[in-house]
1. Restricting the search to the range 74-102, which residues are under 30 Å from Gln122 (Cβ atoms) and part of a strand (DSSP E or B)?
2. Residues that are buried (at least 18 other Cβ atoms within 10 Å of the Cβ), at pLDDT 90 or above, hydrophobic (A, V, I, L, M, F, W, C) and not in a loop (DSSP other than H, G, I, E, B): does the range 27-47 have at least one?
3. Restricting to the range 123-148, give me the number of residues that are under 30 Å from Ala35 (Cβ atoms) and touching a Phe, Trp or Tyr at 6+ places or on another chain (Cβ under 8 Å).
4. Considering the range 129-147 alone, what residues qualify as being closer than 18 Å to Val85 by Cβ, within 24 Å of the chain's Cα centre (by Cα) and not in a loop (DSSP other than H, G, I, E, B)?
5. What are the residues in the range 50-72 that are surrounded by fewer than 20 Cβ atoms within 10 Å (Cβ to Cβ) and among the charged types (D, E, K, R), if any?
6. How do the strands (runs of 3 or more DSSP E) wholly within the range 162-201 filter down when requiring 2 or more residues that are modelled with pLDDT of 95 or more and over 13 Å from the mean Cα position of the chain (by Cα): which remain?
7. Evaluate the range 104-117: report whether one residue or more is more than 19 Å from the chain's Cα centre (by Cα) and closer than 22 Å to Glu40 by Cβ.
8. Residues that are modelled with pLDDT under 95, over 18 Å from Val161 (Cβ atoms) and polar (S, T, N, Q): does the range 79-90 have at least one?
Amino acid sequence: MYRFAAGFVLLTTLSACGGGSGGGDQGIPTQVAGALQKYEGVWIRPCAAHNRDTMTLAASNGGATLAFTIKTEYFANVDCTGAVVATGTYKQPSIVMQYTSTVKDANVKLRNGEVVTQGVDQGTTAASSEAMTFTGSGVTSSVVGGKTVWHITFSQGSTDVYPSLNTGVGKTALALRNGELLVLEATGTAGNTFDESSRLTH
């Protein structure tokens, strides 16, 4: 069974979020100095079967630039328990975000359906041109159609991971809520409405 690397799914979310523009008096985008500085740190995505993503964010350029380094770990057992049998990494930050604006009173729809008023920072993104590579005791690889496929063996069963490139530029939006990092997708055309795409914790 072929699957995209879990980290690639997160990478796609970060680099492909679209955005509305303009309109309305509520949530008009403004400029905030050093807006991306507060996102620095190590963030962890909830376990998905055997794998879990860790995202390290590092700010630069006075908080106007944010580099995303993504690592995916595969565990021997379901629910991310037991030994780590495979680790997927990139040689460089997989996404670099450049700050564009802040919507101070955005309407954010959470995955549970709740809509909250939340400050949101927006930016453009540039994705790495390299694919994730894997190492570990449970890892072997082969070449299919000229591309590397990673075979990962668990304590019971296995999976094949087909890392794909995610190049180019896009948009993304971030917010902090109750100590968690929200990766958001802009919706509509008003420029102040967003849906939660992913949630990470420390």
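The values are calculated or read from the model by the stated rules, or taken from the named source; none is laboratory data. Computed from a prediction, not measured in an experiment: that's the story for all the values here. Note that we place each Cβ from the backbone using ideal geometry, even for glycine, and neighbour counts take in every protein chain shown.
1. Within the range 74-102, the first condition is being under 30 Å from Gln122 (Cβ atoms), and the residues that meet it are 88-102.
Of everything in the range 74-102, those that are under 30 Å from Gln122 (Cβ atoms) and part of a strand (DSSP E or B) turn out to be Gly88, Thr89, Ile95, Val96, Met97, Gln98, Tyr99, Thr100, Ser101, Thr102.
2. Among the residues of the range 27-47, at least one is buried (at least 18 other Cβ atoms within 10 Å of the Cβ), at pLDDT 90 or above, hydrophobic (A, V, I, L, M, F, W, C) and not in a loop (DSSP other than H, G, I, E, B), which makes the answer yes.
3. So the first thing to find is which residues in the range 123-148 are under 30 Å from Ala35 (Cβ atoms), and the list is 123-130, 132.
Cutting the leftovers down to touching a Phe, Trp or Tyr at 6+ places or on another chain (Cβ under 8 Å) gives us 123, 128, 130, 132.
So the answer is 4.
4. Going residue by residue through the range 129-147, those that are closer than 18 Å to Val85 by Cβ are 132-142.
Restricting the remaining residues to those that are within 24 Å of the chain's Cα centre (by Cα) gives 132-136, 139.
Residues satisfying the conditions are Thr133, Phe134, Thr135, Val139.
5. Step one: filter the range 50-72 for residues surrounded by fewer than 20 Cβ atoms within 10 Å (Cβ to Cβ), giving 54, 56, 58, 60-65, 67, 69, 71.
Answer for the range 50-72, where residues must be surrounded by fewer than 20 Cβ atoms within 10 Å (Cβ to Cβ) and among the charged types (D, E, K, R): just Lys71.
6. Details: elements: 168-177, 180-186, 193-200.
Ranges flagged: 168-177, 193-200.
7. Let us first name the residues in the range 104-117 that are more than 19 Å from the chain's Cα centre (by Cα), namely 104-107, 112-117.
Adding the requirement that they be closer than 22 Å to Glu40 by Cβ leaves 104, 106.
For the range 104-117, residues more than 19 Å from the chain's Cα centre (by Cα) and closer than 22 Å to Glu40 by Cβ: present.
8. Within the range 79-90, not a single residue is modelled with pLDDT under 95, over 18 Å from Val161 (Cβ atoms) and polar (S, T, N, Q).
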